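Q: Can you keep this structure in mind? I'll have questions shortly.
The values are calculated or read from the model by the stated rules, or taken from the named source; none is laboratory data. Just so we're clear, the structure is a prediction, and the values are computed from it rather than from any experiment. Note: ideal-geometry Cβ built from the backbone for every residue, glycine included; neighbour counts use all protein chains shown. Quick note on the areas: whole protein, heavy atoms, side chains included, nothing else; ligands and nucleic acids left out. Shrake-Rupley method; radii C 1.70, N 1.55, O 1.52, S 1.80 Å.
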Amino acid sequence: MSSSAADFSSVPILDYSLVATPEGKAQFLEQLRHALVNVGFLYLANHPVPQADVDALIGYIPKLFALPQEAKEKIRMANSEHFLGYSRLGAELTKGAVDQREQFDFATKHVSRWKEGDPDYYRLWGPCQWPDEKLIPGFREVLERYLEEVQELSYKFSSLIAEAFGLGPDGLSEFYEAPELMQHRAKIVQYPVVEGSNDQGVGPHYDAGFLTFVSASLSTFGPFPKDLLQASSHRGLQVQNLSGQWIDAPPIPGTFVINLGKALEFVTGGLARATSHRVLSPKGTTPRYSVPFFQNIGLETRLTDHILTFPPEILALKDKRGTVAATDSVNFSEFDKEPSGKVNLIGRVKPKSETIPRSHPDVAERHYPELFKQIFPNGFSGKGSAY
Ligand SMILES: O=C(O)CCC(=O)C(=O)O
Ligand SMILES: [Fe+2]
């Protein structure tokens with residue numbers, strides 16, 4: 001692989017408060033360009049999501065996982081045509097190995113637009129399944145507020161990306177429909193301490209969508225050493241650099257870790273990087289918690305209709321970086337020509353290539369029987385389920 005001068009040994013930390021002044025903003029956009037082109041990952045500090053709201057959510061997470069198993073199973077993902085709900089430990093595989101995590105899939109508020117005769121993929125988005133309010137009072141309100149705030153940040157951030165690439169603040173707006181027609185997803189994840197040899201929290205993968213925002217401060221790893229980025233004892237999220245080494249991205253309180261998905265990489269012709277990452281299971285006595293938020297693009301958006309063009313000085317940055325090794329991350333060959341909703345739905349039915357995991361064929365068999373039959377004319381015998 002490449003040993004370009006653009007290679008990285010830590011994930012850069014960007015200070016969002018800089019965007020408040022013109023000089024500060026110029027500096028921020030310069031750092032953002034570097035992170036987008038060369039790293040594909042960054043920390044965002046001093047962001048506008050109130051810390052009190054993040055802390056309130058963090059407070060609820062251990063309680064959520066401590067709910068009686070019966071209460072969790074009541075909202076299992078298999079119930080939901082929107083692929084929202086609970087997945088027990090070991091329900092997902094990456095590269096043939098079981099991911100050691102337990103999770104709840106939630107999403108921003110959304111009323112499904114689907115009506116008789118509409119394409120199936122309109123049903124992909126819809127309301128969440130919530131745990132019984134009596135068992136975890138106040139949780140729903142706190143999570144809904146948090147998701148709204150992260151959603152707002154995700155749009156602001158997308159506008160900054162457009163500016164960093166010389167496209168102007170609305171340069172990426174074509175990827176989103178009106179707010180009421182959009183839905184973004186989030187997982188609340190618990191990675192348990194593991195004793196055995198499989199320490200795969202999540203195996204190496206690329207995110208498939210546009211932008212991901214991970215609340216990385218949700219770890220109970222204890223005091224943070226001064227040199228945060230080299231804290232190798234803090235096992236958790238790791239990011240692969242251009243030469244293939246795994247770089248630690250430990251949680252930094254008060255920040256989001258932001259990374260780019262394959263859809264954004266594709267429409268920028270590889271200028272913006274989607275970067276391979278994984279999570280190692282924690283050692284010690286306490287689980288690791290995280291909340292990845294996945295910003296979607298409009299259900300009707302076909303990527304090939306939206307290939308972006310950039311000023312020459314921006315494109316030059318890509319040449320300077322060099323080409324990044326090609327990957328097998330797309331789940332089917334027409335992924336760029338079909339509406340994003342359809343691509344997403346097929347991705348949830350079909351176990352994908354090795355690098356993008358997380359299909360739930362059993363949910364599909366139950367809620368999308370026609371599509372399931374098309375993809376698996378002889379039935380599905382593999383693993384990968386919401387159980
Ligand atoms: O838990 C994390 O820190 C990241 C998880 C992740 O990469 C994913 O769910 O796509
Ligand atoms: Fe990921």
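Q: Name the long-range amide H neighbours of Q200: under 5 Å, sequence gap of 5 or more, or other chain; modelled H, no Pro or chain starts.
A: The list, which skips near neighbours in sequence, is Q100, S281.
Q: Would you mind checking the radius of gyration and Dmax of segment 1-147 based on alpha-carbon positions, in Å?
A: Considering segment 1-147 through its Cα atoms, Rg and Dmax are 20.3, 56 Å.
Q: With every protein chain left in place and a probe of 1.4 Å, what is the accessible surface of I13, to the nearest 10 Å²?
A: About 80 Å², ignoring ligands and nucleic acids.
Q: How big is the convex hull of the Cα atoms of segment 13-375, per residue, in Å³?
A: Measuring per residue, one finds 142 Å³ for the Cα hull of segment 13-375.
Q: For V194 and D132, compute 0.36 nm times the residue count separating them, minus their Cα-Cα distance, and round to one decimal in nm. If you can, show how the numbers build up before the last one.
A: Values: separation 62, 0.36 × 62 = 22.32 nm, distance 2.93 nm.
Length gained between V194 and D132: 19.4 nm.
Q: Dipole magnitude of the chain about its Cα centre, charges +1 at Lys/Arg Cβ and -1 at Asp/Glu Cβ only, in debye to the nearest 20? Show your work: numbers first, answer last.
A: On the way: 39 positive and 46 negative charges, 174 e Å.
For the chain, the charge dipole is close to 840 debye.
Q: Please give the per residue accessible area of the chain, computed with a probe of 1.4 Å over protein heavy atoms only, in Å².
A: On the way: 16090 Å² over 387 residues.
The answer is 42 Å² per residue.
Q: Report relative contact order for the chain in percent, whole number only (criteria: Cα-Cα under 8 Å, sequence separation at least 6).
A: Working: 794 pairs, mean separation 86.2, N = 387.
The normalised contact order for the chain reaches 22 percent.
Q: Could I ask something else about it? Using 1/(1 + (r/R0)^6) with R0 = 41 angstrom and r between the beta carbons of Q51 and S243, what's the FRET efficiency to the nearest 0.05? Mind showing how you got there, number by number?
A: On the way: r = 36 Å, r/R0 = 0.87.
Calculated value: 0.70.
Q: For the full complex of protein chains and a 1.4 angstrom probe, list K63, K318, K74 by accessible area with the highest value first. Please list the in-between numbers first.
A: Details: K63 120, K318 65, K74 150 Å².
Listed by decreasing accessible area, they come as K74, K63, K318.
Q: Given only helices, namely DSSP H runs of n ≥ 4 each adding -39500 (n - 2.57), what is the per-residue ellipticity at 222 nm of the chain, to the nearest 500 deg cm²/dmol?
A: Details: 9 runs with 99 residues, N = 387.
Theoretical 222 nm ellipticity from helices: -7500 deg cm²/dmol.
Q: Continuing with the same structure: What helices does the chain hold that run 20 Å or longer along their axis, going by alpha-carbon atoms, with a Kyte-Doolittle average of 0.5 or more, using DSSP H for the helix calls? It would help to have the intermediate numbers written out before the result.
A: On the way: long enough: 51-65 (22 Å, 0.63); 139-164 (37 Å, -0.20).
Length and hydropathy pass: 51-65.
Q: If you don't mind, another one. Please find the FRET efficiency linking T21 to E334, where r is the Cβ-Cβ separation and R0 is fixed at 51 Å, and quote it to the nearest 0.05.
A: Working: r = 46 Å, r/R0 = 0.89.
That pair, T21 with E334, gives E of 0.65.
Q: Going through the cross-link list K134/K262; K72/K350; K25/K262; K187/K350; K320/K350, which pairs have a Cα-Cα distance over 32 Å in this structure?
A: The pairs that break the limit, which is 32 Å between Cα atoms, are K134/K262; K320/K350.
Q: First compute the accessible area of the chain with a 1.4 Å probe, then give the percent of it belonging to carbon and sulfur atoms.
A: Numbers: 8510 of 16090 Å².
Summing carbon and sulfur atoms, their accessible area is 53 percent of the total for the chain.
Q: For segment 173-187, what does the Karplus curve 6.51 cos²θ - 1.76 cosθ + 1.60, with θ = phi - 60°, yield as ³J(HN,Hα) per residue in whole Hz, taken in order and with x for Gly and Pro?
A: So the J values, rounded to whole Hz, are 4, 4, 8, 10, 8, 3, x, 6, 9, 10, 9, 10, 10, 9, 10.
Q: With a ≥ b ≥ c the root eigenvalues of the C-alpha gyration tensor of segment 67-136, is it rounded (a/c under 1.5), prolate (a/b larger than b/c) or oblate?
A: oblate
Q: If you don't mind, there's one more thing I want to ask. Using +1 on the beta carbon of Lys and Arg, -1 on that of Asp and Glu, and nothing else charged, what's the dipole of segment 75-187 about the Cα centre, debye to 20?
A: Working: 14 positive and 20 negative charges, 92 e Å.
Using only the charged Cβ atoms, the result is roughly 440 debye.
Q: Using DSSP to define loop residues, name the chymotrypsin sites (Phe, Trp or Tyr not before Pro) in segment 16-96 whose beta-carbon has at most 16 other beta-carbon atoms within 10 Å.
A: On the way: sites: Y16, F28, F41, Y43, Y60, F65, F83, Y86; in loops: F83.
When the chymotrypsin sites (Phe, Trp or Tyr not before Pro) of segment 16-96 are filtered for loop state and at most 16 Cβ neighbours within 10 Å, nothing remains.
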